[in-house]
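Every number in this text was worked out from the coordinates using simple rules, so none of it is lab data. Quick caveat: nothing in here was measured; it's all calculated off a predicted structure. So basically every Cβ, Gly included, is an ideal-geometry build from the backbone, and we count neighbours across all protein chains shown.
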């Protein structure tokens with residue numbers, strides 16, 4: 001993929017994310033798109049592939065909006081859709097079906113950005129989140 005094509009691809013992903021996350025807010029009142037931008041910037045900083053960056057932009061879209069899988073596959077590709085599905089919590093099991101290194105990169109960047117948002121959380125919520133993520137990552 002050429003540089004201009006990848007920029008257009010990323011722009012299209014941001015437009016889709018902005019559309020579906022339009023009225024969502026972070027805990028501190030900022031627009032939710034700030035979180036998506038932060039995850040994207042972390043992925044670009046570590047040199048993730050364009051598909052991984054696009055999936056990072058869309059990482060919460062299936063879990064938190066009415067966007068469906070066919071729209072993602074149609075606008076992007078099956079690889080992007082599969083990455084988004086890997087970082088989307090299963091509604092019944094509450095487990096993330098992460099299998100690939102690319103999906104782990106997305107999830108790590110998501111966790112890192114969520115940790116920077118903790119200043120607006122109370123102590124109980126912060127401890128609960130950190131325990132849940134330590135358990136998820138297998139960190140004692």
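Numbers for the structure displayed
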read-out: Cα-based shape type of region 20-61, given that a ≥ b ≥ c are square roots of the gyration tensor eigenvalues and the cut on a/c is 1.5; value: oblate
read-out: Residue order, fewest to most beta carbons within 10 Å, for 75, 94; value: 94, 75
read-out: Segment residue 14-residue 104, length gained on full extension (0.36 nm per residue, minus Cα span); value: 30.3 nm
read-out: Relative contact order (%) - region 3-137, alpha-carbon pairs under 8 angstrom, separation at least six; value: 22
read-out: Cα-only radius of gyration and Dmax that characterise region 74-123, units Å; value: 13.3, 43
read-out: Ranking of 44, 52 by count of other Cβ atoms within 10 Å, fewest first; value: 44, 52
read-out: Full-extension gain in nm, residue 115 to residue 136, via 0.36 nm per residue minus C-alpha separation; value: 6.1 nm
read-out: The chain: proportion of alpha-carbon pairs further apart than 25 angstrom, %; value: 24
